[in-house]
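One structure below.
Each reported figure results from applying straightforward, stated rules to the coordinates on display, with no laboratory input. Everything numeric here is computed off the predicted structure, so don't read it as measured data. Neighbour counts are summed over all protein chains in view; Cβ atoms, including those assigned to glycine, are modelled from backbone coordinates with ideal geometry.
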Amino acid sequence: MKSVAHYAHLYDYERSANAQMLTMLESVPEAGRTDPRFQRAVTIAAHLAACRENWLTWMAGEDRPIGLWFERDATLESLRPRFAVLEQRWADYLAALPDDQLQATFSFTEGDGNTYRVLREGQLIQLDGHACYHRGQVVLLVDLLGGETVDTDYIDWIYPRDPRYGVVTAGE
């Protein structure tokens with residue numbers, strides 16, 4: 001079992017990658033923003049937000065309505081403020097979560113009427129991989145639309161933060 005600190009570390013990376021993703025979306029030229037692929041990219045980014053919002057509601061046992069998983073009419077302008085709020089909620093949740101709660105389960109009732117019981121640590125792992133997958137889709141769409149893209153790989157984030165993972169020396 002990993003510690004909550006491990007998942008908080010991975011979430012710090014995710015927050016950075018999300019900020020880069022939003023900057024990439026904002027870099028799409030105006031001409032590309034009328035292309036249906038731009039709305040698809042915005043919808044995918046909003047889906048990442050919805051997943052984090054909805055799963056936190058269930059994991060924390062909050063009494064909040066569950067949002068749409070895919071908001072087809074999401075706007076670019078709504079994303080930064082939305083991510084700011086949800087990322088602070090997640091940071092607060094992880095900061096308060098005891099390590100022993102990683103092996104606890106939580107239950108929720110989905111829209112299909114079924115009740116599910118899920119291991120908290122398993123869902124944290126799922127959310128991390130899910131975010132990488134969908135950010136990759138956004139990057140591809142941004143590139144096709146003429147926007148500026150950057151690499152959001154973990155290794156590019158961790159190198160300047162922790163030399164144990166590797167050091168880049170110019171000219172070698």
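About the Cα centre of the chain, how large is the charge dipole given +1 on each Lys and Arg Cβ and -1 on each Asp and Glu Cβ? Please answer in debye to the nearest 20.
200 debye
Pull out the extension gain between Thr75 and Asp156, defined as 0.36 nm times the separation in residues minus the alpha carbon to alpha carbon distance; nm, one decimal.
Extending this stretch completely gives an extra 26.3 nm.
Using a 10 angstrom Cβ neighbour count of at most 12 plus a DSSP loop assignment to flag exposed chymotrypsin sites (Phe, Trp or Tyr not before Pro), which longest range of the chain is free of such sites?
That would be 71-172.
Suppose R0 equals 45 Å; then what is the FRET efficiency for Tyr133 and Thr169 from their Cβ-Cβ distance, rounded to the nearest 0.05? Walk me through the numbers before you get to the answer.
Numbers: r = 32 Å, r/R0 = 0.71.
FRET efficiency, Tyr133 to Thr169: 0.90.
Do any trypsin sites (Lys or Arg not before Pro) in the stretch 71-140 lie in a loop, going by DSSP, with at most 12 other beta-carbon atoms within 10 Å of their beta carbon, and if so which? Walk me through the numbers on the way to the answer.
Values: sites: Arg72, Arg82, Arg89, Arg117, Arg120, Arg135; in loops: Arg72.
Here the trypsin sites (Lys or Arg not before Pro) that fit, given the DSSP loop and packing criteria, are Arg72.
Tell me the mean residue ellipticity at 222 nm calculated for the chain from its helices only (DSSP H runs of n ≥ 4, each -39500 (n - 2.57), averaged over every residue, nearest 500).
The helix contribution divided over the chain gives -19500 deg cm²/dmol.
Around Val142, under 15 Å between beta carbons, what's the net of Lys plus Arg minus Asp minus Glu among the other residues?
Charge balance in the 15 Å sphere: -2.
Let's test this: bin the Cα-Cα distances of the chain at 10 Å from zero up to the farthest pair and state each bin's percent.
9, 35, 33, 19, 5, 0
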